[in-house]
Amino acid sequence: MFREGLALILASQPDMAVVAQASTAEEALQEYRRLRPDLVLMDHRLPGTSGTEALIAIRNQDPQARVIMLTTSSGDMEIQRALRAGAAAYVLKSTPKNELLKIIRTVASGQRHIPPDVAGVVAEHLGQEDLTPRELEVLRLVRDGNRNKQIADRLSISETTVNFHIKNIVDKLQANDRTHAVTIAVRRGLLEI
């Protein structure tokens, strides 16, 4: 419904034309290959894979591709990943229509645009260490309700190593405890609910 509403808004603009729509990352990549549009509006959440993965695939084919990420999520890790992958803008779906149209025109002219609220979220966490893949794996298991012994068994590591990972996670996220770490990780876009 959001995509169809957005298409109607864009089609009503004299300087814009909607040339294709896609509901999955694979369809988006196929349509991009076929049409090479001037600009892509990509939803961050797509069935099967993330919009950021689709962005990476498109930019691998065409490093000059202009892609605006649309999302409901303001988690700093998702934003940073999309920007590092080459997103020209990262815009919340709650952005007012006129502001979104202005951003589209800005990006179409070859500029990048990061709204102040999105930039603020990213800046808040600059300089903080990223979690390692293993720490993320441990944190996912914590999120799923596993105790340290269960995590150790699942990952074939010692319980002492699990404790070490959890301590690092809590420190890096500046959390009070493991539960708080999960909450922070979800809010920042490191974990999905």
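Miscellaneous remarks
- Total charge dipole magnitude, the chain, about the Cα centre, Cβ charges on Lys, Arg, Asp, Glu only, Debye to nearest 20: 60 debye
- Think of the range 2-124 as a dipole: +1 on every Lys or Arg Cβ, -1 on every Asp or Glu Cβ, centred on the Cα centre; then among 111, 8, 29, 111 lies furthest on the positive end.
- Taking amide H as placed 1.01 Å from N in the peptide plane, residue 69 has its amide H under 5 Å from the amide H of 42, 88, 89, 90, 91, each at least 5 places away in sequence or on another chain.
- Note on residue 102: lysines with a C-alpha under 27 Å away, same-chain residues under 8 apart excluded, are 93.
- Added length on full extension, which subtracts the Cα-Cα distance from 0.36 nm per residue, residue 62 to residue 157: 30.0 nm
- Bridge type composition, the chain - antiparallel percent by DSSP, nearest 5: 10 percent
- Each eigenvalue of the Cα gyration tensor of the range 2-124, multiplied by 5 and square-rooted, gives one semi-axis; in descending order these are 20, 18, 14 Å.
- Estimated FRET transfer efficiency (residue 180, residue 49; beta-carbon r; R0 30 Å; 0.05): 0.50
Since every read-out is calculated from the coordinates, none of them should be taken as a lab result. Note that the structure is predicted; figures quoted are calculated from it, not measured. Neighbour counts run over all protein chains shown; Cβ positions are idealised from the backbone, glycine included.
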